[in-house]
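Bear in mind these aren't lab numbers, they're just calculated from the coordinates by the rules spelled out. Source: prediction; values computed, not measured. Note that each Cβ is placed from the backbone with ideal geometry, even for glycine, and that neighbours are counted across all protein chains shown.
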Amino acid sequence: MSGQDLPNPRLDQPGASDDSLQDVHAALLREKPEPSEGTVPIPLLLLALIGGLVFFSGVYLGRYSGEFKPLVYDEESSGSAAVAAGPVQVDPVVLGKRLYTQNCLQCHQANGLGAPGAYPPLAGSEWVNGTEERTVRILLAGLGGPIAVAGNQFGSMAMPAFGPTGANWRDDRIAAVLTYVRQEWGNKSGPVTAEQVAKIRAAASSRNKAWTADELLQIGK
């Protein structure tokens, strides 16, 4: 009989009591190695990386979130959120260029030269570089009829209005686009302010039709 076939006296005893069985189980358990949880500590480099990402995210949100107010960077908004955050300074030339590209480029072209016989140039125009008393009125109420620009005649003009009878632009938008065209394409005229536009708008508030060149030439003499 081999050693494997020998009976275990601790298990084969007849009529073993509960206490003896518990003693046998306890002995078997003592022979097994202690269990381990199997966890591996997180590397310090990984902890440092996570901490750095959290810190960077906090700094980035604190600087660029605008306090999570959606109207802070909207120059068209006059809502309470934008007011509470304070006025946002918008470069009038940047705003003017965007407005020009969206609303004026199709007629006056990207180079400001317009189209011969159809749309007058803004580059080198005596109207653009002249008094803002006329150009502001043109944007507010529009321009109709013939006009001479830079020695060339343009007839049947139909310049749209951007004031109350048209797109209803605010004073700062009209000031921005005029500031842009007055210093672009070689033009070297000064900026137009929103305060100037407001003053002219008030003076011409009763105007409900487009201006003619002859009417505008009587202004600012």
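As a ratio to 2.2 N^0.38 Å, the alpha-carbon radius of gyration for the range 88-131 is 1.29. Along its principal axes, the range 131-221 has C-alpha extents of 33, 32, 26 angstrom, given from the largest down. Maximal additional length on extending the Asn152-Val90 stretch stands at 18.7 nm, based on 0.36 nm per residue less the C-alpha distance. From most to least packed by mean Cβ count within 10 Å, the peptides 134-141, 154-161 give 134-141, 154-161. Listed peptides 121-131, 183-193 appear in the order 121-131, 183-193 once ranked by packing, highest mean of other Cβ atoms within 10 Å at the front.
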